[in-house]
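K.L.:
Encoded as structure tokens, here's the structure I'll be asking about.
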Amino acid sequence: VSSYVAQDCADGLNLLIRNYNAGVQITYKLYSEQEIAEDSSRNNVEFYYYPASTPDAKYALVLSGNIFNRTAELKECISTAYQLHQKGYAVFVMRYRAYPDNDNNGPMEDIARAVKYFTGHAQQFGVQPENYALVGFSSGGQLCGLFSSDKRYGYKAYDVPKPGALLMGYPVNDFAELKPVYHVLADLASYDWKYYWSDISGGITPDFPPTYFWYGKNDVTLKTLGYPFQGPAVRKALEANSVPCEVHVYENAPHAIGTGNGTDAEGWMTEAVAFWEQHTS
């Protein structure tokens with residue numbers, strides 16, 4: 001864990017421990033034993049629950065980025081969850097399927113299943129089923145952005161509520177030259193639609209949820225993937241479709257810094273939450 005998020009990560013883990021010791025169930029499998037028997041890749045999908053301090057709170061579903069075959073819940077999600085919890089929200093941190101289990105759009109299925117689960121168990125978790133926020137970093141941001149679209153692969157396809165807001169840190173919009181690599185490794189025998197071939201900007205319509213996102217000018221990862229095709233392309237599509245949005249481009253905000261402490265992005269969560277509240281009050 002980097003110094004950017006070390007303290008928030010420690011605080012977030014300690015909060016999980018306190019909740020566990022108080023008798024709160026903090027981890028959940030997202031699929032049933034039968035569903036896992038049908039597809040063993042579902043066994044790795046789970047979420048960590050941070051209850052809000054008050055009932056009927058809004059909730060956020062947080063997805064980290066991934067390094068091909070590893071997701072980054074600790075670095076990005078646990079730190080974010082702690083800050084959101086401190087602001088009064090319930091938070092679900094999800095471990096979704098990554099390579100080699102990301103074939104057949106598995107990660108998109110995971111998000112849909114999570115939202116459907118939280119909607120159906122809203123009373124159990126003490127959350128509002130509507131007006132939730134999707135929070136995504138890097139490739140997790142791309143997944144959240146695709147799911148937020150009203151096109152055939154987004155939330156409408158799964159018959160779940162539309163996100164109240166989309167909040168993203170340094171999202172990947174277009175995987176550029178990595179797309180054929182993903183296809184060869186994960187879905188060589190299939191030529192149906194696959195999430196990694198798409199980009200957030202291509203799925204933005206006037207019905208897209210209000211969106212807050214940020215990235216840095218010194219983000220080497222986004223530069224490697226083609227800087228103009230990342231954040232700038234998302235902003236252009238949002239503005240062209242008159243979607244309420246707030247975009248911040250920082251001088252110093254490297255990739256994979258989560259809450260961004262010690263960089264120009266420090267404090268972004270406070271602004272993002274205000275944006276979320278503004279559009280779901």
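K.L.:
Taking residue 232 as meeting all but one of (1) open to solvent by 20 Å² or more (accessible area, probe 1.4 Å); (2) under 29 Å from residue 279 (Cα atoms); (3) in a loop (DSSP other than H, G, I, E, B), write down the number of the exception.
P.N.:
With respect to (1) open to solvent by 20 Å² or more (accessible area, probe 1.4 Å); (2) under 29 Å from residue 279 (Cα atoms); (3) in a loop (DSSP other than H, G, I, E, B), residue 232 is out only on (3).
K.L.:
In region 66-75, is there at least one residue being touching a Phe, Trp or Tyr at 6+ places or on another chain (Cβ under 9 Å), closer than 24 Å to residue 164 by Cβ and free of Cβ contacts under 8 Å to residues at least 60 places away in the same chain?
P.N.:
Within region 66-75 (the criterion being touching a Phe, Trp or Tyr at 6+ places or on another chain (Cβ under 9 Å), closer than 24 Å to residue 164 by Cβ and free of Cβ contacts under 8 Å to residues at least 60 places away in the same chain), the answer is yes, since at least one residue qualifies.
K.L.:
Which residues, counting only those in region 96-138, are of a type in the set (S, T, N, Q) and open to solvent by less than 10 Å² (accessible area, probe 1.4 Å)?
P.N.:
Residue satisfying the conditions is 102 alone.
K.L.:
Out of (1) modelled with pLDDT of 95 or more; (2) more than 19 Å from the chain's Cα centre (by Cα); (3) over 18 Å from residue 112 (Cα atoms), what's the single condition that is false for residue 81?
P.N.:
Unmet for residue 81, out of (1) modelled with pLDDT of 95 or more; (2) more than 19 Å from the chain's Cα centre (by Cα); (3) over 18 Å from residue 112 (Cα atoms): (2).
K.L.:
From the residues in region 256-281 that are charged (D, E, K, R) and not in a helix (DSSP H, G or I), which one is surrounded by the fewest Cβ atoms within 10 Å (Cβ to Cβ)?
P.N.:
The qualifying residue surrounded by the fewest Cβ atoms within 10 Å (Cβ to Cβ) is 266.
K.L.:
Condition first: of a type in the set (Asp, Glu) and under 28 Å from residue 8 (Cβ atoms). Can you find one or more residues in region 109-129 that meet it?
P.N.:
Yes: one or more hits.
K.L.:
So which pairs qualify, if the first residue must be in region 244-255 and under 16 Å from residue 273 (Cβ atoms) and free of Cβ contacts under 8 Å to residues at least 60 places away in the same chain, the second must be open to solvent by 50 Å² or more (accessible area, probe 1.4 Å) and in a loop (DSSP other than H, G, I, E, B), the Cβ gap must be under 9 Å, and the two must be at least 6 apart or on different chains?
P.N.:
Final answer for the pair search is 248/264.
K.L.:
Pairs, please: C-beta under 8 Å, at least 6 apart or cross-chain, first residue assigned to a strand (DSSP E or B) and in region 29-42, second of a type in the set (S, T, N, Q) and open to solvent by 40 Å² or more (accessible area, probe 1.4 Å)?
P.N.:
That search, which allows pairs on different chains as well, returns 29/43.
K.L.:
A further question follows. What do you reckon, is residue 101 assigned to a loop (DSSP other than H, G, I, E, B), within 22 Å of residue 39 (Cβ to Cβ) and either within 16 Å of the chain's Cα centre (by Cα) or not β-branched (Val, Ile, Thr) (or both)?
P.N.:
It is true that residue 101 is assigned to a loop (DSSP other than H, G, I, E, B), within 22 Å of residue 39 (Cβ to Cβ) and either within 16 Å of the chain's Cα centre (by Cα) or not β-branched (Val, Ile, Thr) (or both).
K.L.:
Also, I was wondering about something else. Hey, among the residues in region 43-65 that are within 20 Å of residue 102 (Cα to Cα) and without any contact (Cβ under 8 Å) to a residue 60 or more places away in the chain, which one's surrounded by the fewest Cβ atoms within 10 Å (Cβ to Cβ)?
P.N.:
My answer is 43.
K.L.:
Looking at residue 172 and the list (1) without any contact (Cβ under 8 Å) to a residue 60 or more places away in the chain; (2) buried (at least 20 other Cβ atoms within 10 Å of the Cβ), which single condition is not satisfied?
P.N.:
(1)
K.L.:
Which residues, taken from region 66-95, are outside any strand (DSSP E or B), out of contact with any Lys or Arg (no Cβ under 9 Å at 6 or more places or on another chain) and open to solvent by 20 Å² or more (accessible area, probe 1.4 Å)?
P.N.:
Hits for region 66-95 are 67, 68, 69, 70, 72, 74, 75, 82, 83, 85, 86, 87.
K.L.:
Next question, about the same structure. Considering only residues that are farther than 23 Å from residue 71 by Cβ and either open to solvent by less than 10 Å² (accessible area, probe 1.4 Å) or of a type in the set (Asp, Glu) (or both), which ones fall in region 139-163?
P.N.:
The answer is 150, 159.
The values are calculated or read from the model by the stated rules, or taken from the named source; none is laboratory data. As the structure is a prediction and not an experimental result, all values here were calculated from the model. In this analysis, Cβ positions are derived from the backbone assuming ideal geometry, glycine residues included, and neighbour counts consider all displayed protein chains. Please note that ligands, DNA and RNA were not included when accessible areas were found on the heavy atoms of the full protein model with its side chains. Shrake-Rupley method; radii C 1.70, N 1.55, O 1.52, S 1.80 Å.
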